[in-house]
Amino acid sequence: GGRLIDAANAAKNEIINKQILIYAAAYSEFYKPGEMDALIALLNSSTLGLTVKLLKDAQCTYDILPQLGNYGVVIFDTHGMPDAVKIGGEVDTAVNDDEALLKQNVNKVAGAKAYDLVLSGDLRLSKSNRWNVKNELVPYYIIFATTKYLGSLPQMPSTILFGNMCYSGQLNPGKYTGTPMRTAMLGKNPISYYCFATDNGSSHPVSDDFAKQMEKSLMRRLAIDYDSTGLAHLQADGTEFFDNDIFQLSQRRIILNCKHFAADNYSYKNCTDVFTDNRDGIIYKAVCIGKQTWMAENLRYNAPGSRCYDDNQPICDKYGRLYDWSTVMQGAPSDSSAKGKVQGVCPKGWHVPTLFEWRDLAVAVGGILSGTKYLNAGGALKSTTPDWIQPNYGATNSSGFTALPAGEYNENGAGGFSNLGRYAFFWSSTALRTANEFAFELLGANATAFISNVSNPYFSCRCLKD
């Protein structure tokens, strides 16, 4: 789930590369048996046909890093410093007094030129300790790739990076002399960079549980839900996740968020820009808004029983046709589900939106629920063209929905065609009771969107992609 970041371009660009690299240089420390298997099974369950490559511990050598741009997504499951990232392999400190032996061991563990890279500052040996089987504290070296080395890597314009490690969002210079990690990663020009950071540009150690939670959540949203890069790291209410363990343990109550930087308008499943109704060959514009794909024009399919405003075909060509409830539904019963199932008069692969899907749209464009109306939603949905009789209050069309005031036809009461230029009425597939259906309503004289309960009119139809 998530919220709208850029309504008109929420998923404008497609993530083409279906290869995923999990660079798990701290695999044995982080993961219990079966945990990584569950993540890989999740990715393999996607309909995208993803290819997942897992590198564990010593397999994560420095010479893998120049190849990161060959993948669509790279996850760093490792230790981090504000200016360095752990690679695989460990070196016995017992040899550190013998430089030749140290060089030999470092090159054996990390790669043929690793020791030269240590001397140049591209790699770093960091001393740590562990208990052996004799319950003795034994020192050893961990090998890190510094941001100096990361800065020498090729550009990655087709890759999403996730720094699932401590200090991955470091931006402010600290006691370390190297380039901060976030600066180095964004310097490679990735599609997006996900990391852990505070609002003031600092970063901190991240708890294992939170890191695992974010890894699973982020990959589910990208690979299964097809969220855009700007949505995938967010909670359902649009706020960033934060590490509650770190918050509780830190004296200063540190709020360490999962944050996103760079492009927010990419997704694995590219948003439809245009599509053709194969029944009559009419080509329609479409727009992604939140997690929905909407027609950006009113339906013009000449279904039996539909009408042109004033029986004037040129008006139909511009504003779409008007349909009564039975024509829109094509005999289907009312649908009150969260995801609509009634194709009705819509093209194959599309459906008549339910009342709840209209509500999702209103919320996605910033609408605030007040009774049966959504404050501010109308302006984001209405076109800014002179088709609306002025003043067209609040109209920005920031969503790209491009609602036009097609009016209505009503056989009851005064009867006839009315409100062209003033109102936009759209059918839902949800009925309260027989001959009493719900519709979505926009007015030129108001920036609000309304949920209306109506009986027997002819309204416009906007279809929603299945």
Inset, instruction - Treating each Cα of the range 130-190 as an identical point scatterer and ignoring solvent, apply the Debye formula and state log10 I(q)/I(0) at q = 0.15, 0.24, 0.30 Å⁻¹. - result: -0.58, -1.02, -1.35
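Mean 1/r over all different Cα pairs, inverted: what Kirkwood radius does the range 107-247 give, in Å?
Values: mean 1/r = 0.0580 Å⁻¹.
Kirkwood radius, the range 107-247: 17.3 Å.
At a Förster distance of 51 Å, what's the computed FRET efficiency of Tyr393 paired with Lys18, Cβ-Cβ distance as r, to 0.05? Don't skip to the answer; put the middle values down first.
Details: r = 46 Å, r/R0 = 0.90.
Calculated value: 0.65.
From the Cα trace of the range 344-384, what convex hull volume per residue do you get, rounded to a whole Å³? The partial results should precede the final answer.
On the way: hull volume 3.9 nm³, N = 41.
For the range 344-384, the hull spanned by Cα atoms encloses 96 Å³ per residue.
Between beta-carbons, use under 12 Å as the cut-off and find the net charge around Ala84, counting Lys and Arg +1, Asp and Glu -1. Mind dumping the intermediate values first?
Working: positive: Lys86, Arg124, Lys148; negative: Asp83, Asp122.
Local charge sum for Ala84: +1.
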Legend entry - C-alpha center-to-center spacing [the range 189-225, the range 345-374] in angstrom: 30
Inset, instruction - Take the range 216-324, compute every pairwise Cα distance, and split them into 5 Å bins from 0; I just need the percent in each bin. - result: 2, 10, 14, 14, 11, 9, 9, 9, 7, 5, 3, 3, 2, 1, 0
Legend entry - Stretch in the chain that is longest and holds no GluC sites (Glu not before Pro) that DSSP places in a loop and that have at most 14 other beta carbons within 10 Å: 137-410
Legend entry - Disulfide-incompatible cysteines by the Cβ rule (no partner under 4.7 Å) in the chain: Cys60, Cys166, Cys195, Cys258, Cys461
Inset, instruction - Could you tell me which of rounded, prolate or oblate describes the range 312-407, using a ≥ b ≥ c as the square roots of the eigenvalues of the alpha-carbon gyration tensor, with rounded for a/c under 1.5 and, failing that, prolate when a/b is larger than b/c and oblate otherwise? - result: oblate
Legend entry - Mean residue ellipticity (222 nm) of the chain, computed from DSSP H runs ≥ 4 via -39,500 (n - 2.57), nearest 500: -5500 deg cm²/dmol
Inset, instruction - Find how many whole Å separate the alpha carbon centroid of the range 55-99 from the alpha carbon centroid of the range 14-29. - result: 14
Inset, instruction - Determine, at each q value in 0.14, 0.21 (inverse angstroms), the log₁₀ of I(q)/I(0) that the Debye formula gives when each Cα of the range 328-466 is one equal point scatterer. - result: -0.61, -1.34
Legend entry - Sequence-distant residues sharing a close amide H with Ile289 (under 5 Å, placed H): Trp294
Legend entry - Convex hull volume per residue in cubic angstrom - Cα atoms of the range 420-460: 62
Legend entry - Ranking by accessible area, most exposed first, for Tyr167, Tyr458 with a 1.4 Å probe: Tyr167, Tyr458
Inset, instruction - Given the peptides 223-230, 202-209, 276-283, arrange them by the average over their residues of other C-beta atoms within 10 Å, most packed first. - result: 223-230, 202-209, 276-283
Inset, instruction - Quick one: give the max-minus-min coordinate of the C-alpha atoms of the chain along each principal axis, largest first, in Å. - result: 99, 45, 38
Legend entry - Degrees separating the helix 99-110 axis from the principal Cα axis of the chain, which is the longest one: 30
Inset, instruction - Quick one: compute a quarter of the convex hull surface over the Cα atoms of the range 61-176 and quote it in nm². - result: 8.5
Legend entry - Rounded to the nearest 10 Å², the accessible area of Cys258 at probe 1.4 Å: 0
Inset, instruction - Go through the range 330-385 and name the trypsin sites (Lys or Arg not before Pro) that are in a DSSP coil and have 16 or fewer other Cβ atoms within 10 Å of their Cβ. - result: Lys339, Lys341, Lys348
Legend entry - Translational diffusion of the range 240-397, µm² s⁻¹ [Kirkwood Rh, Cα pairs; Stokes-Einstein; 20 °C; 1.002 mPa s]: 113
Inset, instruction - Please work out the C-alpha center-to-center distance from the range 418-466 to the range 236-297 and express it in whole Å. - result: 27
Legend entry - Gyration tensor verdict on the range 287-353 (Cα atoms; rounded if a/c is under 1.5, prolate if a/b is larger than b/c, oblate otherwise): oblate
Inset, instruction - Return the percentage of antiparallel bridges among DSSP beta bridges fully within the chain, rounded to the nearest 5 %. - result: 75
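Quick one: divide the alpha-carbon radius of gyration of the range 391-432 by 2.2 N^0.38 Å and tell me what you get. Display every interim value, and only then the final one.
Working: Rg = 13.0 Å, N = 42, 2.2 N^0.38 = 9.1 Å.
Scaled against compact globular proteins, the figure is 1.43.
The values are calculated or read from the model by the stated rules, or taken from the named source; none is laboratory data. Only a predicted model underlies this, so the values are computations on that prediction, with no experimental measurement involved. Neighbour counts are summed over all protein chains in view; Cβ atoms, including those assigned to glycine, are modelled from backbone coordinates with ideal geometry. The area values use the complete protein model at the heavy-atom level, side chains included, leaving out ligands, DNA and RNA. Shrake-Rupley method; radii C 1.70, N 1.55, O 1.52, S 1.80 Å.
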